[in-house]
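Following: one structure in structure tokens, then a few remarks.
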Amino acid sequence: MNIYCELALSFLKIGFFGFGGGFAMIPLMQSAAVHQTGWLTSSQFGAAIALGQVTPGPVAISATFIGYKVAGVAGALTATVAIFAPSLLCMYLLEKFYLKVRGKEITQAIMHGVLPVVAAIILTAAISLGRQSMHSLWQTAVIVAAAALAISRKVSFGLLVAGSMAVGVLMAFSGR
């Protein structure tokens, strides 16, 4: 199969089935890019997600990095359009439909039923990426500290990412 078609089909599936937002897409992206196709190694995938967190915009922009790694600029464009197209289509259709049914009891019941699954998917992504990041004691400490600060103190994600980058640089220069 043509690499562009393979990229488009992979990211269209992720876009359609990544219900719950960008973080919920991470396990699907990892499965497609690392396990099914071998486009990226686990560490390259972790770097793609980290890059998606450092840059402005949604987590799904990591698809651009993956597409670029696989097929250059055209691959980046293909993956980006494919991952966002389902969301754009769904938002258009939901805007027409959801506003009419959002107050109905069945709609609320569906949303309350889906929320725990979305939380579980996001937790799965966090654990999967966390395992890849724990090569030393200091990295484990950064994960625990960042999670504690995000949960208990509501520290901004940008500040957490910047702080962890600074710790990484310090540890690299100290030889650890």
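The values are calculated or read from the model by the stated rules, or taken from the named source; none is laboratory data. Everything quoted here is computed from the prediction, not taken from an experiment. Heads up, the Cβs are rebuilt from the backbone with ideal geometry, glycines too, and the neighbour counts pull from every protein chain shown.
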Review point. Quick check, is residue 48 of a type in the set (A, V, I, L, M), over 30 Å from residue 165 (Cβ atoms) and in a helix (DSSP H, G or I)?
Key: no
Residues of the stretch 25-44 being crowded, with 16+ Cβ neighbours inside 10 Å, closer than 21 Å to residue 72 by Cβ and in contact (Cβ under 8 Å) with a residue 24 or more places away in the chain, in sequence order, are 29, 33, 39, 40
Here the residues within the stretch 130-176 that are closer than 23 Å to residue 44 by Cβ, more than 20 Å from the chain's Cα centre (by Cα) and not in a helix (DSSP H, G or I) are 135, 136, 176
Being touching a residue at least 40 places away in the same chain (Cβ under 8 Å), surrounded by fewer than 21 Cβ atoms within 10 Å (Cβ to Cβ), in contact with a Leu (Cβ under 7 Å, 6 or more places away or on another chain) and not hydroxyl-bearing (Ser, Thr, Tyr) narrows 79, 85 down to just 85
Taking the stretch 61-98 and keeping only residues that are hydrophobic (A, V, I, L, M, F, W, C) and farther than 19 Å from residue 17 by Cβ, one is left with 65, 70, 71, 73, 74, 76, 77, 97
Among the residues of the stretch 130-158, the number that are under 18 Å from residue 51 (Cβ atoms) and loosely packed, with under 13 Cβ neighbours inside 10 Å is 2
Residue 105 meets each of (1) modelled with pLDDT of 90 or more; (2) under 18 Å from the mean Cα position of the chain (by Cα) with one exception, condition (2)
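Residue-by-condition table, conditions (1) out of contact with any Cys (no Cβ under 8 Å at 6 or more places or on another chain); (2) part of a loop (DSSP other than H, G, I, E, B); (3) more than 23 Å from residue 3 (Cβ to Cβ); (4) among the acidic types (Asp, Glu):
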position: 29; (1), (2), (3), (4): yes, no, no, no
position: 38; (1), (2), (3), (4): yes, yes, no, no
position: 56; (1), (2), (3), (4): yes, yes, yes, no
position: 60; (1), (2), (3), (4): yes, no, no, no
position: 66; (1), (2), (3), (4): yes, no, no, no
position: 75; (1), (2), (3), (4): yes, no, no, no
position: 93; (1), (2), (3), (4): yes, no, yes, no
When (1) more than 22 Å from residue 60 (Cβ to Cβ); (2) free of Cβ contacts under 8 Å to residues at least 12 places away in the same chain are applied to residue 123, the one that fails is (1)
